[in-house]
Amino acid sequence: MDTLREASADREAPADAARYVLGPAAVVRLAGSPVAALDGLRCARSWRTAQDLVRLRAGIAETTGGLSDLLHTAIGAAGDGELKARLVAVRRAVHRGRRVDPARLAGIPAELLAPVRDWTARVAERDRLLALLPVQVEEDRAASYEALRDAARVPAFQLGLVHANPDLFLALHKWFGTGRAPQRQTVLRLAQYLARSAAKTSPYSTFTTSGLAAWGEADGIVELSGPPAPGRLVATTATEISVGSLHRIARALCERPEFVGGCRVRINPSATDVDGALVFLGRRPVEYVHTLALTPTLRRVMELTTHDSTLDELRGRLRALAGDGHQVDVFLRRLVALGLLELVPPLADQTPDPVADLRGWLHRHRQPGLERLDRTLHGVQEALSTYPTITAPADRVAVRDAVIRGLDTALREVGDHAHTNSPKLAQEFARYSFYENAVYPGTAAVLDRRAWRPLLDDLDAVRTLLGLIGPDLPFKLTLGSLFQSRYPAGAEVPLLVFYRDVLAEQSAGAGPSALVHSRFAGPDSPVGAVRELYRLRTAVKGLLGERTPDPDGVVRVRPEEVRALAEDWPDWVRTPTSVAVYCQLADAPHGPELVVNNIGCGFGRGRNRVRQILDVLDLRAGLPAEPGPAAGHGDVLFAEFEAVARSAVNVRKPGVRLVVDYPGVRSVREAADLLPVNDLYVRRGDDGLLALESRRLGRRICPVHPGLGADRLLPPAARFMLEAFGEANTWFGAHTELRMTSDPRADDGVRHLPRLMVGDVVLRRAMWMTRADRLPRRADATTDAAWMLRTADWLAEHGIPERCFVTVLDPAVLAPGGSGQGPSNDTKPNYVDFASTLLLLGLERRLAEPNSIVQISEMVPDPGHVRGEHVAEYIVELNEPGVTYV
């Protein structure tokens, strides 16, 4: 470990400092089920037979025309008689693709005998395989059922399944006991869960385990730490309650008449004084921008509201100055309803133990009638702490139900029934009431700095490229144009005023604002800079997207070519300051390659989430060194949002020093580190982009979101701040424009995009895109065997691999002028093996909308060449040199 600390301290060595600085540690994620479990889901024998049939039928079709012509010539030379009749019969059989009766071959010319017999043998073999295929399909399906049941015995899979879908686990448990398979739909869902836990590393319960990896010296490029066996680590789990549900409980209590008076209040931190009026963000979820005249009474309210004021204390101060107490009450209720006067949430969004905090708050208020609620929350707390200690999966079901039932009871006790209003909300409530996180304590792995360096150098060239293809850049440029046309030169506009004006422009639907959320920068944009961006992106696509592939089908670009392009880009193309790259290692004949899955905002993304979980478990020993939150870069200071946005995955250690003090969000940071929304103003920079600045600090502010939750779940104005002034939450993903050469909705068939590499970095896996109604469907085939044969034929026609990841996208996501949002949780890539009828039937359920865009990506690394027993993913961070830390 001493070596690791020294290596971490040396992370800004001269070789790195030239272009990038490596993050202090990486994250390693290991899939919960062994990758070998995927093999058992395949119908291996029948799939090989189907592939043989595809090749046989193609060979037969290829030779049929030539053989038919030879026979036609022979028929013409045979004259009338029995020979001609036999030749005509042979030719008719060839034309119809049927076997030739050997008796018909008597006396035919010698030069025809061999090709006819060869053709007949092929047809006979085809017919034999066609008869064999249905039998094999049934046998393979039965074998895949047994393989699924055996693979599902892995404890990590069962524990994850209990948390994800207890009903499915109970069906599996019954299958173990009786030996009788459940209904087909249940089996299909089990297969999908198993494929997810073996092929992907999305952190959900024990389907994936995460740990911190140190940069240092290792025997290989990656060295996992410690026993019990090579490729495996000992993990521990922690549980977290849904912070959003607890906020609902606290909010409902705060608004009770008997409770509200004792609640702390504050003035909405977005409230901005503009020409004798207050402009502020209303209450969520809609978050309207309100304007109230700043009357003497309202001004007095703002003066009398102190940091520790309760609503009753404020009411008393106002009543002492006013003659009519009833009017004071009505006025204050109106301010609370609008959101100008905020009831301070009893829970900080980033609190590590929200249940304990809420119970402590209840105890301090000592209101009568709350003992029952406190007992309910105590039961939830006990069940949460017990859950990870239970090792038998079946015994966890009742405890899981106790947590959900307790949380449901607590919400009902305070009169909140929102989650019961629809089956979908009820399902989401059950699924996300609490989270289980599996982590490795200490340093889970050592990544060899020397072996990784060439890959990271190439990856940094990709970081340079991201400034041009970032999804928010058209929005930023359009806003710069809007600002220039709307306000006088040198104007400094309060953030909330500018936000209000942008919303009004969007609602009007006229002018440049009609394009601000376009995913594609178009040549017809009314904004000159956006047209220039289109030209630059077209040039990049010419380098990356339209280059002729090498003989092996891979497009290769040298990192120097990317950097050379970037030298001529305008100043408004900014290289990201900090990126978190989700990637995998793949072996190639010349050495390791790095495969990019996704690139998001950095600043400790992923890493600080793991540290938070380890901290809750009191597992702080042996962790890689951490420099502290990022403060700034040059004249820019970073500020993050602490809103959990209903999801516990956003709870984390601080990634940057400053926090945006946002309406409805309570922070526990020092007051000096809080930036109220009303402290921020907007001006236009010399490069045409807008700058967000703090009046108090006199510095430019760059908003960032290093939480793991999607930015689309953040409040509307927070999303706007990220898109308009911050670093993108997702720089590169499945929906990135770089992957598209045109709108895929216009394609009539299947479009192929070859694998794209920058140096030894796989930036894009080979990809095929088509509409959902282009795939072979079970309903269009008479039997399962016929469906398998059509599927194998379709894959061969388009060169699509049998093992892949499939993403089903809404066409609106990709269309020009679309929402600009990336794939949602239900459109993330799913592992599909076309040789598995179980997984193929599961895919069919996702293809109900015929116009959906189906994106098929090759699986790299291939399951047969995965390092170790489990699929591994890494989150590595690259930073711009010069970033300062607290």
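The values are calculated or read from the model by the stated rules, or taken from the named source; none is laboratory data. Just so it is clear, the structure is predicted and the values come from calculations on it, not from any experiment. Because the Cβ atoms are built from the backbone with ideal geometry, glycine has one as well, and the counts that use them run over all protein chains shown. Side chains included, ligands, DNA and RNA excluded: accessible areas come from the protein's heavy atoms. Shrake-Rupley method; radii C 1.70, N 1.55, O 1.52, S 1.80 Å.
For segment 286-420, the relative contact order is 13 percent, taking Cα pairs closer than 8 Å that sit 6 or more residues apart in sequence and dividing their mean separation by the residue count. Using the Cβ of ASP312 as centre and a radius below 14 Å, the other residues enclosed give a net charge of +2, where K and R count +1 and D and E count -1. Per the Kirkwood formula applied to alpha carbons, segment 80-191 shows a radius of gyration over Rh ratio, Rg over Rh, of 1.44. Based on DSSP H segments of at least four residues, each scored -39500 (n - 2.57), the chain has a per-residue ellipticity at 222 nm of -13500 deg cm²/dmol.
Tell me the Kirkwood radius of the chain: reciprocal of the mean inverse pair distance over distinct alpha-carbon atoms, in Å. Kindly include the intermediate steps, with their values, before the conclusion.
Numbers: mean 1/r = 0.0326 Å⁻¹.
This gives a value of 30.7 Å.
With respect to the chain, whose longest principal axis is taken over its alpha-carbon atoms, helix 325-338 is tilted by about 20°.
At q = 0.19, 0.21, 0.22 Å⁻¹, work out log10 I(q)/I(0) for segment 543-665 with the Debye formula, treating every Cα as an identical point scatterer and leaving solvent out; two decimals please. Scattering profile of segment 543-665, log10 relative to I(0): -1.21, -1.33, -1.39.
Pairs of Cα atoms nearer than 8 Å and 6+ residues apart set the relative contact order; for the chain it is 19 percent. Our analysis of segment 351-474 gives Rg over Rh at 1.19, with the two radii drawn from alpha carbon positions and Rh computed by the Kirkwood formula. Taking amide hydrogens as placed 1.01 Å from N in the peptide plane, the amide H of ASP661 sits under 5 Å from those of LEU675, VAL677, each at least 5 positions away in sequence or on another chain.
Using heavy-atom solvent-accessible surface (probe 1.4 Å) with all chains present, what is the largest-first order of HIS363, HIS326?
HIS326, HIS363
Remark: segment 643-657, residue by residue, has Karplus-estimated 3J(HN,Hα) of 4, 6, 6, 6, 10, 5, 5, 8, 6, 7, 6, x, x, 9, 5 Hz, where x stands for each Gly or Pro and the curve is 6.51 cos²θ - 1.76 cosθ + 1.60 at θ = phi - 60°.
Dimensions of segment 611-654 from C-alpha coordinates, computed as largest minus smallest value along each principal axis and given longest first, are 37, 30, 9 Å. The shape of segment 48-126 can be summarised by an equivalent ellipsoid whose semi-axes, obtained from the alpha carbon gyration tensor, come to 25, 11, 9 Å from longest to shortest. Gyration tensor analysis over the Cα atoms of segment 238-373 returns equivalent ellipsoid semi-axes of 29, 19, 11 Å (largest first, whole Å).
Kirkwood hydrodynamic radius of segment 181-282, from the reciprocal of the average inverse Cα-Cα distance over all distinct pairs: 20.5 Å.
Listed values for segment 101-113 are Karplus-derived 3J(HN,Hα) couplings in whole Hz (6.51 cos²θ - 1.76 cosθ + 1.60, θ = phi - 60°), namely 5, x, 5, 6, 8, 5, x, 6, x, 4, 5, 9, 4, and x replaces Gly and Pro.
Can you check what the net charge comes to around CYS804, using other residues whose Cβ is under 11 Å from the Cβ of CYS804 (Lys, Arg +1; Asp, Glu -1)? Once all neighbours under 11 Å are counted, the net charge is -2. Per the Debye formula on identical point scatterers at the alpha carbon atoms of segment 121-167, with no solvent, log10 I(q)/I(0) at q = 0.28 Å⁻¹ is -0.93.
Computed from Cα atoms, the angle from the helix 528-544 axis to the main principal axis of the chain rounds to 40 degrees. Computed over neighbours whose Cβ is under 15 Å from that of ARG180, the net charge equals +2, Lys and Arg +1, Asp and Glu -1. Annotation: amide H of ARG666 within the under-5 Å range of ASP349, sequence separation 5 or more or interchain, hydrogens built in the peptide plane. With respect to the chain, whose longest principal axis is taken over its alpha-carbon atoms, helix 495-508 is tilted by about 50°. The string of couplings for segment 341-352 from the Karplus curve (6.51, -1.76, 1.60, θ = phi - 60°) is 9, 9, 7, 5, x, x, 10, 6, 4, 9, 5, x Hz, one whole number per residue in order, with x for Gly and Pro. Within segment 105-259, the proportion of Cα pairs with more than 22 Å between them is 68 percent.
Scanning residues 5 or more positions from TYR288 or on other chains, those with amide H under 5 Å from its amide H are GLY282, ARG283, with H placed 1.01 Å from N in the peptide plane. Once segment 145-230 is represented by equal point scatterers at the alpha-carbon sites, with solvent omitted, what log10 I(q)/I(0) does the Debye formula produce at q = 0.14, 0.21 Å⁻¹? Cα-only, vacuum Debye calculation for segment 145-230: -0.57, -0.97.
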